[in-house]
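Taking it in order: structure first as structure tokens, then the write-up.
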Amino acid sequence: MADSKKRTAHKLPEAGQWPDVLSPWVIVAGIILTTLGFLMAFFVVPPVSGATVNGAELVGDTVVSNKLLMSQKIFYFHMPVAITSFAALAFAAYYCVRFLITRELRFDTCARIAMEVALLFTVMTMITGEMWTRFEWGVWWTWDPRLTTYLILMLIVIAYIVLRNMVDDPIRRAAFASVVGVIAFIDVPICFMVTRLIPSSVHPVVTRAGGMTPEMGLCIALVGVGMMCVAFALYRARFRQVRFAERVDALKERLDD
Amino acid sequence: MSRTTDTPLKVERKHPSSFSQYKVLLTKDLLREVRTKEMLVSMGVYALLVIVVFGVALGFAAPGTDFLEVSGGLLWVMVVFTSLLGLNRSFSVEKECGCLEGLLLAPMDRGVIFLAKATSNLIFLLIVEVIAVPLFWLFFSSVALPAETAPLIALPLLVGSVGIAGVGTLLSTITTNVKGKDVMLALLFIPVVFPLLYACVAATVAVLVGGDVMAESFATPLALAALYDVVMILISWFLYDFVVS
Amino acid sequence: MPDAIRVEGVCKTFGTRKAVDDISFVLPEGAFLTIFGPNGAGKTTLLSMLSTLSRPSKGTIYICGIDAKEESESVRASIGVVSHSSMLYPDLTAEENLVLYGRLYGVPDVKNRAVNLLDAVGLKHRRLDQVRTFSRGMIQRVSIARALMNDPRVVLFDEPYSGLDPHATQVFDNLISDVRKDRTFVMVSHDLKKGMQLADHVLLMARGRAVCFGRKDKLEPDELNHLYEQTIGGGVA
């Protein structure tokens, strides 16, 4: 799947060619896989204890002692969505660099759409993540390195999209947006490193013991592939729409002449 | 009108070094500031006003050593917002009269323009810090006294300001060409500068609290902040060409 | 000796819009080209490509035989530009402004040259005053002096007459004829009368394309007037 996306990057077909023929099937596959994963998470995968609870502890409003937390199920969606958002961001950054090298506006269009898809998945990650934090750690928000970095990442993605709306000249807009995209791509890892390496009193470094059981792994893989398919189909659908709009504009220009 | 008929002489031009061009641009910024004082006055007054707001915010807190931990962060709140104000203005004149265009028409590397502007922004920011940080302590010395290591605060301030000026110059060049530039600069600047801010606050708090905290968490944050500076300034310098052309 | 300006098949597209569409011309050294055209004809875009501030999407521009895309720095060293904006720092004096730009270009004995040029534009007596105290016409004169600081081979003007009173226009005309020798000029203008007076080459643009290009003496004035009226759609001054 990611492979097919990569190939489109080099070919960049006009809207309406094979990736668009493929994308309805891809989205059906995505929906089926995600649904399967959903069912599996609830019916097949045995409940596991969430974050280690030593003795009795207040989680949410109830006292918990190593309870088999139902809320742990959100993890099967949180992680695949997060991975998908990273994939979309990586594509966006890749297209930003491509644009700066070639200065061809179609790469900027690709970067912008990838960034929009990334924003969608980033917001979903934040929402599922908040649910997770609330029920596993008992708070809505904590300045944990991962959460902090992710918040910064989301802010930069939002800034990227707002910036695009603030510039009228398409070439300028593309250059500015791509520069911001590249900076974000370098800034976010530094952000993670900094928040991770600097010891702090309020930032618990959460590490969980134990790996995943095969069922858990399979479930996450199913949802993961499903989410990737959904992201790809969304990307293509938007790409198609934007390309058609561009084509209409170009035709209008030609009619003017 | 005293128009003479002899036309200006032909000149033999020698291509100037990038360093001399850098000096010319930097001198120009400093000379303009000496004349107008607009950056220093507005930034200085703003910093003072932020301190006044802190005075209200802390007015109801009980005095204690906890203040030292908080004050490092407060100091950086002041620095970040003051620098935002300055960065916003730094390109407005260049833009108003088309001077940036004039500089771009001169035969020099775009990187020189970036470095000169970043340096002048850094100088203004440092001058404001030299005034505002002692003032901050003057106002809050009754709440808590910092540890003996406090003078070392100059280090995180310097490293932080270098990074702020570097990244900020690139971002403010972008936002001068954008609608609603004030908001846009803040929206881009604060997330991008977050890691630097985080590291600098950690180092500043360590310096102010002293003792074990100083030994434990001063060197690492400072090193990380310096790393951020190097990486981000290099990348900004490299990307500057794309922003101005 | 290479031609002063050689433009080969230059296009500039903004997204899907073609601002400049396949323009080609050759201008010999010492020529004065005026570019006419209605708003949005692509005159300013063409001028900004000549000044290396923007790159052509297609085609090549040679200034004094140097490729403007590949060696933009050496091209920039040999051109001077007067545009809508003055490019002068209002808080610096006229002399300081000229010295600043002269230093960036590496002009030797830069102070003397600045004074000489200010003398030539008739502003020697105001050279120590800040530019913010100048009138529109005076600013325009200083910005012409600024463009000449580096002794450019090619001078580009974008609507130099806009906002000038008759006196300033007179000064401008005198100045041009003074510095005309050996230099190549390109001027963008709305004003047919003024533009024709100075020009020896004419380029008429509409919708990004060249409607006609040629030496002024080889073009029929009536035909040109007619073409101009057609493309602009308004009266001719």
**Complete:** Heads up, chain C by the C-alpha gyration tensor (a ≥ b ≥ c square roots of eigenvalues; a/c under 1.5 rounded, else a/b over b/c prolate, else oblate) looks prolate
**Request:** Return the value, in Å² to the nearest 100, of accessible area buried between chains C and B (probe 1.4 Å, both sides summed).
**Result:** 3800 Å²
**Prompt:** What does the accessible area of C:H190 come to, in Å² to the nearest 10, when a probe of 1.4 Å is used?
**Reply:** 80 Å²
**Request:** Please work out how much length the chain gains when fully extended from B:K37 to B:L135, using 0.36 nm per residue of separation minus the C-alpha to C-alpha distance, in nm with one decimal.
**Result:** 33.3 nm
**Item:** Cross-link table B:K95/C:K194; A:K252/C:K43; C:K69/C:K124; B:K181/C:K69, entries beyond 27 Å C-alpha to C-alpha
**Value:** B:K95/C:K194; C:K69/C:K124; B:K181/C:K69
**Shielding of B:172-179 by partner chains, average beta-carbon count, 10 Å** = 5
**Prompt:** On a 0 to 90 degree scale, rounded to 10, what angle separates helix C:110-120 from the longest Cα axis of chain C?
**Reply:** 70 degrees
**Request:** Express as a percent, rounded to the nearest 5, the fraction of DSSP beta bridges in chain C (both residues included) that run antiparallel.
**Result:** 55 percent
**Residues in the range C:3-29 reached by a label modelled at C:K218 [backbone nitrogen below 14 Å; 7 Å Cα→Cβ]** = C:25-28
**Item:** Average other protein chain Cβ within 10 Å of Cβ, residues A:178-188
**Value:** 6
**Message:** For a quick check of understanding: with a 1.4 angstrom probe and all protein chains in place, what accessible area in square angstrom does C:E220 have, to the nearest ten?
**Reply:** 110 Å²
**Prompt:** Averaged over peptide C:143-150, how many Cβ atoms belonging to another chain are found within 10 Å of each residue's Cβ?
**Reply:** 2
**Prompt:** the range B:86-108 to the range C:39-89: how many Å between their Cα centroids?
**Reply:** 18 Å
**Complete:** Taking alpha-carbon centroids only, the range B:165-218 lies from the range A:100-152 a number of Å equal to 21 Å
**Fill in**
Ignoring ligands, DNA and RNA, the residues of the range C:50-93 whose accessible area with a 1.4 Å probe is reduced by 30 Å² or more relative to the chain alone are C:L53, C:R55, C:E73, C:R76, C:A77, C:S85, C:M87, C:Y89, C:P90, C:D91, C:L92
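So for the protein assembly as shown: antiparallel DSSP bridges make up what percent, rounded to the nearest 5?
For the protein assembly as shown, the DSSP antiparallel bridge percentage is about 60.
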**the range B:30-109: chymotrypsin sites (Phe, Trp or Tyr not before Pro) in DSSP coil with no more than 14 other Cβ atoms inside 10 Å** = B:F60
**Item:** Mean accessible surface per residue for the protein assembly as shown, computed with a 1.4 Å probe while every protein chain stays in place, in Å²
**Value:** 43 Å²
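Taking a 1.4 Å probe, which of B:T176, C:T44 shows the most accessible area, and what order do the others take after it?
Working: B:T176 25, C:T44 65 Å².
Largest accessible area first, the residues go C:T44, B:T176.
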**Asked** Using a basic spin-label model with each label point 7 Å from the Cα along Cα→Cβ, how many nm lie between B:F60 and A:V248?
**Response** 5.6 nm
**Item:** Principal axis box of the protein assembly as shown, alpha-carbon based, largest edge first, Å
**Value:** 99, 71, 40
**Request:** Treating the angle as unsigned and between 0 and 90°, give the value, to the nearest 10°, between the Cα long axis of helix B:66-90 and the longest Cα principal axis of chain B.
**Result:** 10 degrees
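The values are calculated or read from the model by the stated rules, or taken from the named source; none is laboratory data. None of the values given here were measured: they were computed from a predicted structure. Because the Cβ atoms are built from the backbone with ideal geometry, glycine has one as well, and the counts that use them run over all protein chains shown. Accessible surface is based on the protein model in full, side chains and every heavy atom, while ligands, DNA and RNA are left aside. Shrake-Rupley method; radii C 1.70, N 1.55, O 1.52, S 1.80 Å.
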